[in-house]
Amino acid sequence: MQKIINLFFKLLEFLVVVCMVAMVVMVFGNVVLRYAFNSGLTVSDEMSRYCFIWLIYLGAMVAMREGGHLGVDTLVKHLPLVGKKVCLFLSESLMLFCNVLFLMGTYKMHDLQVSNVSPVVGISMIWIYGIGYVVGVVMGIINLNVLYRLLTGQISEDELVQVVETEGLAAGEKQFQEGKA
């Protein structure tokens, strides 16, 4: 099962790269066409915008799995074990609630987006905003997994603080702690 999950997230990472490359090619190509040939492709503006929307949501799913979203651990890392568990439970529960709202909002807007057609490309806007289904489900599953592991005691104390420090910040904090001692 873990192999399938890893393959799924590798696919998401690949799609992020595809979206980024497509955006660069379309925007650069349009700039060259406008300056060199005094013409352009109207499709490239709209499609690069749609690639950007998908890139953001796909990247958010990958970042959530890797624990790469921004967070502040100033208070949480100084709490006792029970406090860390309560904060993680509240954090994951609120994120799950937001993902459910996101999924429900996408569902409620589905009929409108299916009938709404993009002005230049002419595709149904559900192809753009339908990413809300994927994001709501995938991130919700990640939240449920963390909550399950927390409630069954399968989560280690190191994982209770969900912020992943960058190497520069960790080194700076270590120097600060050594200076205090």
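Laboratory data are not the source of any read-out in this text; all were calculated from the coordinates shown. Please read these numbers as outputs of a predicted model, since none were measured by experiment. Here Cβ is always computed from backbone atoms with ideal geometry, including for glycine, and neighbour counts include all displayed protein chains.
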Problem - Value of relative contact order over the range 80-141, rounded to a whole percent, pairs C-alpha under 8 Å and six or more apart - result: 37
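Of all alpha-carbon pairs in the range 35-162, indicate the percentage at a distance above 24 angstrom.
45
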Problem - Whole-number percent relative contact order across the chain, with pairs defined as alpha carbons under 8 Å at least 6 apart - result: 24
Handout entry: In nm, spacing of pseudo-spin labels at Arg49 and Leu81 (7 Å Cα→C-beta vector)
Key = 5.4
Problem - Within the chain, helix-based [θ] at 222 nm, where runs of 4 or more DSSP H residues each add -39,500 (n - 2.57), nearest 500 - result: -26000 deg cm²/dmol
Completion exercise
Quick P(r) readout (the range 1-66; Cα-Cα; 5 Å bins; whole %) gives 4, 18, 21, 17, 13, 10, 8, 5, 3, 1, 0
Problem - Contour minus Cα-Cα distance for Lys108 and Phe9 (0.36 nm per residue) - result: 32.9 nm
Practice task
Pairs of Cα atoms under 8 Å, at least six residues apart: use those to get the relative contact order of the range 1-66, whole percent.
Solution key: 44
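Just tell me, in residue order, which DSSP H segments of the chain are both 18 angstrom or longer along the helix axis (alpha-carbon based) and at least 1.6 in mean Kyte-Doolittle hydropathy.
Within the chain the helices that satisfy the rule are 2-37, 131-151.
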